[in-house]
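One structure is given below, represented as structure tokens, and several questions about it will come after.
What follows is calculated from the coordinates using simple rules that are stated; it is not laboratory data. For clarity, every value in this text was computed on a predicted model and none was experimentally measured. In this analysis, Cβ positions are derived from the backbone assuming ideal geometry, glycine residues included, and neighbour counts consider all displayed protein chains.
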Amino acid sequence: MARQSGVPCDTIYRHRKLIKQGGIESLKRQEMPNRHHKNRTDRAIEEVVIEFSLANPYMGQSKVSRLLKSERNVDIHDSGVRNIWLRESTNTTVLRLAKLAETRQH
């Protein structure tokens, strides 16, 4: 069976075991929503960046990075600010303004 399908035997046995334990649903990829990679920016810094970005939605990533270094002593690169914005879906001025309006309503 493994030769015919081109899949290693251990994969077939692992899949059979998963199906026995949890049914066909157990073969679906299990997402880990709260994973925080070890090289990712610290959560406290991310919160400061988001807070500062929402307070100043018209600033670009370079200016946010520079002002965070000078005003709040947070050392983060421009691309780090950009990556945080992308994860939080605030990578454009319009999105930051929308998120700001959303937070003010709550």
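Leaving out same-chain residues fewer than 8 places away, which lysines sit with a Cα under 23 Å from that of Lys38?
The qualifying lysines are Lys69.
Okay, next question. Got a sec? Which residues in the stretch 15-38 would a label at Cys9 touch, if it sits 7 Å along Cα→Cβ and we count backbone N under 17 Å?
The answer is 15-17, whose backbone nitrogens lie closer than 17 Å to the label point.
Could you tell me how many degrees, from 0 to 90 and to the nearest 10, lie between the Cα long axis of helix 9-22 and the main elongation axis, the longest principal axis, of the Cα atoms of the chain?
Approximately 80 degrees, to the nearest ten.
Given R₀ = 35 Å, FRET efficiency for Gln30-Leu100 by Cβ-Cβ distance, to 0.05?
Between Gln30 and Leu100 the formula returns 0.55.
Loop only by DSSP, 15 or fewer other Cβ within 10 Å of the Cβ. Give me the trypsin sites (Lys or Arg not before Pro) in the stretch 1-91 that pass, ordered by residue number.
The qualifying sites are Lys28, Arg29, Arg35, Lys38, Arg40, Arg72.
On to the next question. With P(r) over Cα pairs in 10 Å bins from 0, in percent defined as stated, name the option among (i) 13, 31, 18, 11, 17, 10, 0; (ii) 14, 50, 29, 7, 0; (iii) 13, 43, 29, 13, 3, 0 computed from the structure displayed.
After the calculation, the listed value that fits is (i).
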